[in-house]
Amino acid sequence: MIGARLDLQGSIPMEMKGQAERPNLLLICHCFPDALGNTGRSRAWQLLRLASRWHRVHVACLWDGPVNLSQWRDVNLLAERIALEPVSLRRRAVGRSVGAVNGPKGDAARWCHSLEGLIEGLCQRARFDVVICTHPALWEQAMCVDARKRVCDLHVPRSLLMRRRAELHSGLWGAWYRRQARLYDRMERSLADRCDILTLSRRYRGTRFPGDRGRMVLLPHTIDLSRFELAVPPEPPEEAGGGMGDGRVPPPRLVVHADWSHRPARWALGRFTRRVWPEVKRAVPEAQLCHTDAASPPEAL
């Protein structure tokens, strides 16, 4: 819970306080908060849900693609105000070009300019107690906001990802990934030294940054299953009508979650169901496989 774990407000949950007493929080996102989306979108949705319990959340985010209508309504219920700005094709092209030489600067070139006007407009409407940015490249924008505390969600350190890719490649590609890893590492160390609170995914709990003057807080990357209609294989007729009340234990169920609009995710699901799932079924015949998006190809299941 972001108010208690991160000590942003340092006191009482929303249920025990009047609505008018909640301070304002600015959430700067590089993508739209969406539980049904990719890793970046679902992480932004997680932060929005947690922050809205203790703060009046104002969202400044980039419009990075279509959003489910029900998700748009849910974000509007949690946020006090939402400011959206699409990323122009020119900005994307510039960001990719700069990113080929310097990854961190490429991210900033692609996003920061588009958010300047949104953040300035929100700051004219309200004073913010806390500002959270969902990507290290947005930190300079967070620094422009007059706030008591500044939080950056590093989530998955890009320097670690680049090092892993460098280990898988040799020659020019390996050298390119190693250079990108050094650039991202320099940015992350600077960020750890400047921000009040740095959040990481819990699986990177062993990561340490020299000179970290703030508190490093581990937040698990959760999946909001309440937002999904699970595609579950139909029960056999003799088992239909059974439930928790009849004393029977429900069968074990494996839930597969991914951004199914991403082709590699669909390819991975097909590979998993062909090569791995048959072995699981032989070991646990009663096991069920379901996914979190009915749009995924049914033949894969």
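Please treat every number below as a calculation from the coordinates, not as lab data. Bear in mind the structure is a predicted one, so any value in this text is a computation, not a measurement. We place every Cβ from the backbone using ideal geometry, glycine too, and count neighbours over all the protein chains shown.
The table for this structure:
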read-out: Efficiency of FRET between Arg203 and Val284 - r from beta-carbon atoms, R0 41 angstrom, step 0.05; value: 0.95
read-out: Relative packing of peptides 162-171, 194-203 - highest average C-beta neighbours within 10 Å first; value: 194-203, 162-171
read-out: Using distinct alpha-carbon pairs, which all enter the 1/r mean, Kirkwood radius of segment 137-177 in Å; value: 12.6 Å
read-out: Highest-first arrangement of 52-60, 137-145, where packing means the average Cβ count within 10 Å; value: 52-60, 137-145
read-out: Additional length obtainable on full extension of the chain from Asp193 to Arg125, 0.36 nm per residue less Cα span; value: 21.5 nm
read-out: Potential lengthening between Ser170 and Trp72 on full extension [0.36 nm per residue; Cα-Cα distance subtracted]; value: 30.9 nm
read-out: Cα pair distances in segment 26-172, grouped into 5 Å bins until the bin that holds the longest one, percent each; value: 2, 9, 18, 22, 20, 14, 8, 4, 2, 1, 0
